[in-house]
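Before any comments, here is the structure.
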Amino acid sequence: MTTDSDMTVGGPARPGQVVVGRYELRSLLGRGGMGAVWLAWDKALERLVAMKEIPLWPYGERAEVQRERALREARSLAQIGHPSIVVVHDVFEADGRPWIVMAHVEGVSLEDKIKEGVLAESEAAAVARDVLGGLTAAHAAGVVHRDVKPANILISRAGRVVLVDFGIAQMSGTSGLTARSRLLGTPEFMAPERIKGEAANAASDLWSLGVTLFWAVEGRSPFRRGNEHATMLAVISDDPAPTRPGPISRLVIGLLEKDPARRMGAQEADARLRAILDGPAPRTAAAPEPSRKPPVSAPGQAAGREREAAGAREPESPSKPPAPAPAERRPAGMRAPEPSRKPPARPHGAGSPAGAPPGPPPGASQGAPTMETLRRASPAVGARLLLAQPRQVAASLLDALDPATAGALLDAMSGEPSAAATVLALMGTARAGRALDHMAAAKAAAVLRAMPTGRGTLVMAGVADRSAAEILTALGSTTTAVRLVESMTTRRAWRVLDNVPPAVIAALLRASTDGRADRLLSGLSPAVRRQITE
């Protein structure tokens, strides 16, 4: 029997084959309509890479058109610098077909992960937000992916989320390279406008992300039917039916609006994903929980004890006249009460009574501390208060503090790096970066090592260059440091690495897999280059 691979120009590749004398094919990672992806060993740089073998079919489109599409895929990826977009190392033609050499992402696809069980809402939101960030960067570069689906989303062992397979991507300003009768992509993930023959755009990718997110939390595709024709009809006419109510279902429904003009945009989708990850906002002292606040007049309750501790007197009865001013009628040796300076009541966890030394308030685990409590307390005490709260509450409190105070508290929390990393990851990206900027380098490094790499690269983007250099120095030649450098633009990497010890730079460049080592080295100051190469 003749297979499709037998009909491609040049014949199928096989394990053990060495392409252009450099890349040894190890194993087949996956195969689809747009080619096969191989795990290969780069003999020149001694590293694993992913190689996409592009078939040139002897029927349908001309081979020249198919070659041009492969080159366009490589050019599309080369224009996008984002941690969630796969890095392209090289593109060439060999054995009668084009090849694209990419960074190897060691991990699993989102499709395989979903097969093991549906994702929790927060986990799905984290993956979707990373993919959305990559898509936003691609759209800004004029690239529409056109095939966003779980099989094309990889999750590395370090937690980095990467969008791959731009084989049918459309670049603005280029002509369509597909035959008029050929509809490329996976029907159940295609936007209705594409099935109707309209041009793909950024909104089309957001639709596909919505289908992907639905599948991640529901464990099923919303539009898959018995055959391709029925699936496309469902995309055009059927509405999704989520079974898990909540904010993520409302987000999915917004992304799966059939009219692209009314479909939820990237900015709103990102805000909603951020809200899901942040969780409910903490209550503050201005809005205490009614059920936890004791009645002011109830004898023996906490509010009465707090007033007594501050020196205030309870009136004996409502009819009793107010006490005279302290200066006129104060008995000798008795401290004057200060009713005008003290609020009538305070919720649990709102801080210590006026004049008392700062420390964890009674019931801190039942309510969030106030901003004033955290500012007045020592970093060690403040860190204990924050660690006693739910992680989302602690992150929201740090978000509201100035960066220097937030950094000092995170420093004190770094003794529990996993907890500190979770809190830092739940903060707003810009605020987290500024807080990290005020941490001691060694403690910031410990927290980043405990954080998923994808989130760490986003937080690091908000750190000043000098602080970033100190953190990289503290990290040394670790995988975390390598990924942080790879996530930087070339210009920023030059600025940061110029302040890193040459021995650390050399180790980081040797371990990098994004193909920029020589370029990064060439942009460093002559003095640093000389120390590295000597």
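Remarks
- Ranked by the mean number of other Cβ atoms within 10 Å of their residues, highest first, the peptides 137-148, 230-241 fall in the order 137-148, 230-241.
- Packing order of peptides 269-278, 390-399, 496-505, highest average first: 390-399, 496-505, 269-278 (average count of other Cβ atoms within 10 Å over each peptide's residues).
- For segment 464-534, the convex hull drawn through the C-alpha positions has a volume of 73 cubic angstrom per residue.
- For Arg26, the residues whose amide H sits under 5 Å from its own are Gly16, Leu39, Ala40, Trp41, ignoring neighbours fewer than 5 places away on the same chain, with H placed 1.01 Å from N.
- Asp90 long-range amide H proximity, modeled H, under 5 Å: Val101
- Unsatisfied cross-links (Cα-Cα over 25 Å) in the set Lys52/Lys113; Lys43/Lys115; Lys149/Lys258; Lys52/Lys149: Lys43/Lys115
- Counting only Cα atoms, segment 368-461 measures 32, 22, 22 Å along its principal axes, largest extent leading.
- Segment 404-503: trypsin sites (Lys or Arg not before Pro) in DSSP coil with no more than 11 other Cβ atoms inside 10 Å: none
Rule-based calculations on the coordinates, nothing more; no lab input. Here the structure is a predicted model, which is why all the values come from computation and not from measurement. Note that we place each Cβ from the backbone using ideal geometry, even for glycine, and neighbour counts take in every protein chain shown.
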